[in-house]
Amino acid sequence: MSNPVLNITLPGSWAELSEKQLYFVSKLLYMEVPELELLTRCFLEFAGITILSKDPEIVITDDATEGELCYWFKKSGTGRFYLDVDMATTLIHHLDFLVTEITLFKNPAKIGKYAGCNFKLYGISLEEWLVVDQMYIGYAKTRRVEFLDNMLAVLYHLPGEKWDEQTNLATRAARFKSMPEYTRYIVFLWYTSCKLWLKGKYFYLFDSSDTGDASQSANDYVMSLISSLNEGNVANNPQIKHTPCHEVFYELNRKIEKAKTT
């Protein structure tokens, strides 16, 4: 039996996932689907194929005298085809990155009508980062959805909106309450990847904070170091909080590195 020519393309990392694929993965992770089921469902979704039978059967191919144990699938434009069990397993486990360490990827450009921040947090002030990080920790510890809403309230906004002392967090957060939680959960996943990326970029800063994993916050630690930037004048703290977070992280990281290497 001959097999049609197949064209199956799968992402190889979190950064290669499309937004549609991200939403699909986020829903499964939010539902806490078992790992193998998650990988299998993602394989079928990403490859655009349908499995015709959950149990493999013996197929005798044109170039073999003995049958192989195969699964039957269907793909639009291709029709029915088979994959032997080993090949199907290999393709499914090509997506193992989804259940191992998460790596940096782009957050959705928009959620509803609200535009997202830069995926590396460029343009986010230290004050905004402090709020987001605290909300992230709150959700990681409790799974209370209001913490997710508060994260989105800072990170997603209408064009031209700014964050300042007059911003009402509760009012902004209310915008997202009607959205499915797995949609908002994407932002939690993205921020997890961003925290790990920040830890690598500003090694001395975040390593010194002893944040053992991405669910722990460096928030208090960073605040304790602001005194090294305000030249002993706490009146300068508001100005520092309005500074882009990367500028603060860079300066703190530089100071700690210098102290440790001299």
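The table that follows gives values for the structure above.
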| item | result |
| --- | --- |
| For S227: the one exception among (1) over 30 Å from A115 (Cβ atoms); (2) at pLDDT 95 or above | (2) |
| First in the range 1-25 and assigned to a helix (DSSP H, G or I) and charged (D, E, K, R), second anywhere and surrounded by 16 or more Cβ atoms within 10 Å (Cβ to Cβ) and at pLDDT 95 or above, Cβ under 9 Å, 6 or more apart | E16/F105; E19/K106; E19/P108; E19/I186 |
| Hits in the range 55-73 - residues which are closer than 14 Å to N3 by Cβ, at pLDDT below 70 and either within 43 Å of the chain's Cα centre (by Cα) or of a type in the set (S, T, N, Q) (or both) | T61 |
| Single condition E181 does not satisfy, out of (1) modelled with pLDDT of 95 or more; (2) within 26 Å of V25 (Cβ to Cβ); (3) charged (D, E, K, R) | (1) |
| Single condition I102 does not satisfy, out of (1) at pLDDT below 90; (2) closer than 30 Å to P180 by Cα; (3) surrounded by 13 or more Cβ atoms within 10 Å (Cβ to Cβ) | (1) |
| Exclusive hit being of a type outside the set (G, A, S), within 26 Å of F119 (Cβ to Cβ) and part of a loop (DSSP other than H, G, I, E, B), set E32, E45 | E32 |
| Residue among P11, P108 that alone is surrounded by 14 or more Cβ atoms within 10 Å (Cβ to Cβ), under 17 Å from the mean Cα position of the chain (by Cα) and under 30 Å from L158 (Cβ atoms) | P108 |
| The range 74-93 - residue that is surrounded by 15 or more Cβ atoms within 10 Å (Cβ to Cβ) and in a strand (DSSP E or B) and, of those, modelled with the lowest pLDDT | Y82 |
| Cβ-Cβ under 6 Å pairs, at least 6 apart or on other chains, the range 137-166 side over 17 Å from P108 (Cβ atoms), far side β-branched (V, I, T) | none |
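The values are calculated or read from the model by the stated rules, or taken from the named source; none is laboratory data. Nothing here was measured: the structure is a model prediction, and the numbers come from that model. In this analysis, Cβ positions are derived from the backbone assuming ideal geometry, glycine residues included, and neighbour counts consider all displayed protein chains.
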